[in-house]
Amino acid sequence: SVVFGEQWLPSAAKWGILGTNDASFNDGTGIAGLYKNLLAVDSNPYKFSVYRNAAKAVVATTETKVEFDAELYDTNSNFDSTTNFRYTAPVNGFYHFDWGFGVSIITPSRLFSTLYKNNSPIQRSTDVASSIQGVSGSCLVQATAGDYFEIFYYSSTAGGTYASSTYKDTHFSGFLVSRT
């Protein structure tokens, strides 16, 4: 501890203590409450960004899972882009998700997309009742390791397609914000 008068210049004895403990401050062992593995590895290996690459027909009047078939990145291989089209949380924590859903050819009178957790809806995008051809959503979610997340959409009109363009109109991404 530093006493009054030492704010700018600690005593030689205190500099000696700091020097003696220098290695433990550098490797994190001398800092109480620090998650030690963060010093040696990436502080957040849990992040992904996927999108729909191939055109897929829009189904009308029922919530339908979006099949994200291409990955920009999936740093821990927790997104299944071939079978279930879902992200599975690898650790307990708070996760942030962003998604967008765009349609082409048709102009639905109603369109929304929904984030599902373990097959139950938890967060919906704006529900548009106009000729908008795309919607997006974003949220922070608490998850337990093994929870899975999927995006579903609802369109009042069929006949068009959803897919990605150069701008990745239909996309889903997320990352671990903090462990719990």
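One table, with the values for the structure above:
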{"read-out": "Residue match in segment 169-177 (condition: farther than 14 Å from F68 by Cβ and of a type in the set (D, E, K, R))", "value": "no"}
{"read-out": "Test result for L72, assigned to a strand (DSSP E or B), open to solvent by 60 Å² or more (accessible area, probe 1.4 Å) and either under 20 Å from F48 (Cα atoms) or out of contact with any helix residue (DSSP H, G or I) (no Cβ under 8 Å at 6 or more places or on another chain) (or both)", "value": "yes"}
{"read-out": "Condition check for S178: assigned to a strand (DSSP E or B) and either open to solvent by 70 Å² or more (accessible area, probe 1.4 Å) or closer than 16 Å to R52 by Cα (or both)", "value": "no"}
{"read-out": "Residues being among the hydrophobic types (A, V, I, L, M, F, W, C), over 11 Å from the mean Cα position of the chain (by Cα) and not in a loop (DSSP other than H, G, I, E, B) - total across segment 41-60", "value": "1"}
{"read-out": "Pair list, Cβ < 8 Å and 6+ apart or interchain, from segment 69-93 residues that are closer than 14 Å to L176 by Cβ and at pLDDT 95 or above to residues that are surrounded by fewer than 17 Cβ atoms within 10 Å (Cβ to Cβ) and basic (K, R)", "value": "V91/R179; N92/R179; G93/R179"}
{"read-out": "Tally, over segment 75-87, of residues that are among the hydrophobic types (A, V, I, L, M, F, W, C) and part of a strand (DSSP E or B)", "value": "1"}
{"read-out": "Long-range neighbours under 8 Å by Cβ, at least six apart or interchain, first residue free of Cβ contacts under 8 Å to residues at least 24 places away in the same chain within segment 48-68, second open to solvent by less than 30 Å² (accessible area, probe 1.4 Å) and among the charged types (D, E, K, R)", "value": "E67/R52"}
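The values are calculated or read from the model by the stated rules, or taken from the named source; none is laboratory data. Nothing here was measured: the structure is a model prediction, and the numbers come from that model. Counting neighbours? That spans all protein chains shown, and the Cβs are built from the backbone with ideal geometry, glycine included. Surface areas here come from the heavy atoms of the whole protein model, side chains and all, with no ligands, DNA or RNA. Shrake-Rupley method; radii C 1.70, N 1.55, O 1.52, S 1.80 Å.
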